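Visitor: Before I ask anything, let me first share the structure, which is written out below as structure tokens.
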Amino acid sequence: MTNDKGQLFKGIALFTPAGDLIYCIDPNKQNRWHLNLCTGLQEILGLSEPPHFLVPCYTATMDRWLDSRSGQVRISAEAYAPVLRYQTLLNAVFETDDLVWQAAPWPEELCDPMVLATYRDQFPQLWEEHDLVVRFENSVLHPSFQPELFSPLPKLPEAQGYVLRLFVSGHNTTTERILQTLYQLLEQSLYQPYTLKVIDVFKHPEQAEADQISATPTLVKVWPRPVRRIVGEIEDVNRILWLLVSPNSS
């Protein structure tokens, strides 16, 4: 393999539970491609919202980089357990011959099969086979929101992302207003994959008990650690930003 810089790129693949694939090849090695691929799946399959919960469990990432000491191109490739079986397909789309992909560390907080299965009713298309293999280009991305109104948050390691739970008491105008604020803030300020799960304490009291929810609305940041929460005043942008970035508060 030569050290031609034209061969240096980052490849990101996102699978559905049924095995469809959307991927990108990015020579500029940008950081938001997981979000872009989720948006791409939303547009292609007609989903109600981007399926951020697929990240990182159904992703694979390859990096072709130049070793400055040897002058040789190196390749690192990782895939999460549910998609390791697709190595032949990954090697075909990224043109990496018979490269052996490594198993990415398994984040139990993000990839619990029972938790992932709860999204099946909301996103049934993801569990249906469409024989889909799509290369996603940045030019086809259609942002859902206006230019940024909030300052970007610090970036986390790409494989982590955020897991948030919003506990509410029924579906009403207050819930809708809170969700609108949260989605807009997360999309415009959180440059990382995230999952926001809305839990009605009337329908799922066991989940509320497990998370020690005493009042609603309550927003809980499950990941990254430490776990942190806001009770009430969920529409306060500054408090939400504090919840996401403050490392030492609880």
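Where a number appears in this text, it was derived from the coordinates with a stated rule and is not lab data. Source: prediction; values computed, not measured. Cβ: placed from backbone, ideal geometry, glycine included. Neighbour counts: every protein chain shown.
Visitor: Could you check the spin-label model distance between T181 and D63? Points 7 Å from the Cα along Cα→Cβ, value in nm.
Guide: The answer from the label model is 3.7 nm.
Visitor: To continue, here is another question. Beyond 19 Å, how much of the Cα-Cα pair distribution for segment 21-111 remains, as a whole percent?
Guide: Percentage above 19 Å: 48.
Visitor: Compute the signed sum of charges (Lys and Arg +1, Asp and Glu -1) over the other residues within less than 15 Å, Cβ to Cβ, of A208.
Guide: Net of charged neighbours comes to 0.
Visitor: In segment 161-211, what trypsin sites (Lys or Arg not before Pro) fall in a loop by DSSP, with at most 12 other Cβ atoms inside 10 Å?
Guide: Passing both the DSSP loop test and the Cβ count: K203.
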